[in-house]
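The values are calculated or read from the model by the stated rules, or taken from the named source; none is laboratory data. It should be emphasised that the depicted structure is a prediction, and the values quoted were computed from it without experimental measurement. Here the Cβ positions follow ideal geometry from the backbone for every residue, glycine too, while neighbour counts run over all protein chains shown. In case anyone asks, the SASA skips ligands and DNA or RNA and just uses the protein heavy atoms, side chains included. Shrake-Rupley method; radii C 1.70, N 1.55, O 1.52, S 1.80 Å.
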Amino acid sequence: MEVPTLEIKKSSVVANKIAAPQVVQCKSKKTTPDGGGYGTGRRKNSIARVWVRPGKGRIIVNNKDFSVYFPRETYRTSIMQPFVDTNTTGQFDVMCTTKGGGTTGQAGAIVHGIARALDCISTDFHAILRKGGFLTRDARVVERKKYGKRKARKSTQFSKR
């Protein structure tokens, strides 16, 4: 039985000179030509596509102002939290489209997308966003219903007699 051998081809680089490492941009980090970034956020069953661009601080969600789309103050403060932590409040405009799930999931998906987009814009933000927990995808989803049960875990009422 023959053992296959690996042939190593020498490149055209001279032994004394070391070639500069090629910088390959990560697929998840997408920048835009105008100095902005793109990020996809996910939470529960919601998906948000988020574009962050330099601007005056406007946030548009599904072609509506985010204060109209999210009437609860808690959702609006959570969406603004990545900007507050990175000290960039009012410096970037956000345009996002979101679908699936409910308002809580959509707000969480937008936060995740904004954090990913800010991470694309500057590497200085990465440590701050990671420490705040904005870059981690929250994997908790609704548990499926099982047969013989009323919900995922709730049983029918037990009757002894």
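Points to keep in mind about this one:
- Residue within the range 33-43 that is open to solvent by 70 Å² or more (accessible area, probe 1.4 Å) and modelled with pLDDT of 95 or more present: yes
- First in the range 108-119 and in contact (Cβ under 8 Å) with a residue 40 or more places away in the chain, second anywhere and among the hydroxyl-bearing types (Ser, Thr, Tyr) and part of a helix (DSSP H, G or I), Cβ under 8 Å, 6 or more apart: Gly108/Ser78; Val111/Ser78
- Filter pass, Gly101 being without any contact (Cβ under 8 Å) to a residue 60 or more places away in the chain and touching a Lys or Arg at 6+ places or on another chain (Cβ under 6 Å): yes
Yes/no matrix, rows are residues, columns are (1) at pLDDT below 95; (2) over 17 Å from Leu129 (Cα atoms); (3) not aromatic (Phe, Trp, Tyr):
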| site | (1), (2), (3) |
| --- | --- |
| Cys26 | yes, yes, yes |
| Gly57 | yes, yes, yes |
| Asn62 | no, yes, yes |
| Tyr69 | no, yes, no |
| Glu73 | no, yes, yes |
| Thr88 | yes, no, yes |
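- As a summary of the residue check, Asp85 satisfies the conditions (1) open to solvent by less than 70 Å² (accessible area, probe 1.4 Å); (2) closer than 17 Å to Gly39 by Cα except for the one numbered (2).
- Consider the range 99-153 and keep the residues that are assigned to a loop (DSSP other than H, G, I, E, B) and among the acidic types (Asp, Glu). The one that is least open to solvent (accessible area, probe 1.4 Å) is Asp138.
- So Arg53, is it open to solvent by 40 Å² or more (accessible area, probe 1.4 Å), touching a residue at least 60 places away in the same chain (Cβ under 8 Å) and not in a loop (DSSP other than H, G, I, E, B): no
- Selection within the range 56-69 - open to solvent by 40 Å² or more (accessible area, probe 1.4 Å) and not in a strand (DSSP E or B): Lys56, Arg58, Asn62, Asn63, Ser67, Val68, Tyr69
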